[in-house]
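Asks: I have a structure here, written as structure tokens, and I will follow up with some questions on it.
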Amino acid sequence: MLKSASGTLVNVLKRSLVPATRVTAVIPARRSHGGPVESDEEFDRRYEAFFNRKDIDGWEIRKGMNDLCGMDLVPDPTIIKAALHACRRVNDYALAVRFLEACKNKCGPKVGEIYPYIIQEIKPTLTELGIDTPEELGYDKPELALENVYEM
């Protein structure tokens with residue numbers, strides 16, 4: 001009796017602790033998940049419409065901006081303008097400046113080419129809304145930077 005109970009217990013423990021070997025086939029990588037492909041213009045219109053909603057609140061603005069920052073792209077100036085207008089509607093100046101900083105960071109190594117174009121395109125909106133760029137506020141330079149002790 002004890003021998004059969006211990007044998008059953010060993011089999012149960014063995015199945016639960018030792019993973020079962022599974023044979024899987026290698027499936028070639030797919031280019032798409034099979035769903036509809038969204039064009040760049042449709043993408044821009046979707047986010048522009050999202051930020052242009054009149055009932056949008058601060059949390060939804062942050063969610064949209066976070067989604068944009070998580071993608072492998074630099075937002076189009078039309079999306080940035082709509083986001084800045086949304087920030088002004090909810091009276092969140094700091095969020096607008098932070099979004100501009102995030103857009104600059106998204107430019108990566110081509111920041112010298114892309115960021116001036118973005119600023120050129122959104123400058124009328126920035127002037128209209130009274131929003132300063134991070135560079136105008138001095139955020140591009142460290143505030144409490146110390147002199148290098150090896151260069152003294």
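The values are calculated or read from the model by the stated rules, or taken from the named source; none is laboratory data. Note that the coordinates shown come from a computational prediction; the quantities given were computed from them, not determined experimentally. A quick note on method: Cβ atoms are made from the backbone with ideal geometry, for glycine too, and the neighbour counts reach across all protein chains shown. In case anyone asks, the SASA skips ligands and DNA or RNA and just uses the protein heavy atoms, side chains included. Shrake-Rupley method; radii C 1.70, N 1.55, O 1.52, S 1.80 Å.
Asks: Using the structure shown, select from Lys81/Lys106; Lys63/Lys110; Lys104/Lys141 the pairs with a Cα to Cα distance greater than 18 angstrom.
Replies: Lys63/Lys110
Asks: Let me ask you something else. Within region 68-111, what whole-number % of the accessible surface is contributed by carbon and sulfur, with the 1.4 Å probe and all protein chains included in the calculation?
Replies: 52 percent
Asks: Still on this model: Give a residue-ordered list of calculated ³J(HN,Hα) values for region 116-127 (Karplus: 6.51 cos²θ - 1.76 cosθ + 1.60, θ = phi - 60°; whole Hz; x for Gly, Pro).
Replies: For region 116-127, the Karplus curve yields x, 5, 4, 4, 4, 6, 9, 4, x, 5, 4, 5 Hz.
Asks: Let me ask something additional. Gain in length, Glu60 to Thr8, computed as 0.36 nm per residue apart minus the alpha-carbon separation, to one decimal in nm?
Replies: Fully extending the segment from Glu60 to Thr8 adds 13.1 nm.
Asks: For Asp76, Asp92, give the ranking by accessible area with the largest first, probe 1.4 Å.
Replies: Final ranking, largest accessible area leading: Asp76, Asp92.
Asks: Between Val37 and Cys107, what FRET efficiency follows from the Cβ-Cβ distance if R0 is 22 Å, with the result rounded to 0.05? Mind dumping the intermediate values first?
Replies: On the way: r = 25 Å, r/R0 = 1.15.
Taking R0 as 22 Å, the efficiency between Val37 and Cys107 is 0.30.
Asks: Ignoring ligands, DNA and RNA, how do Glu136, Glu128, Glu101, Glu48 rank by accessible area with a 1.4 Å probe, largest first?
Replies: Glu128, Glu136, Glu48, Glu101
Asks: Asp57: accessible area at probe 1.4 Å, nearest 10 Å²?
Replies: Here the accessible area works out near 70 Å².
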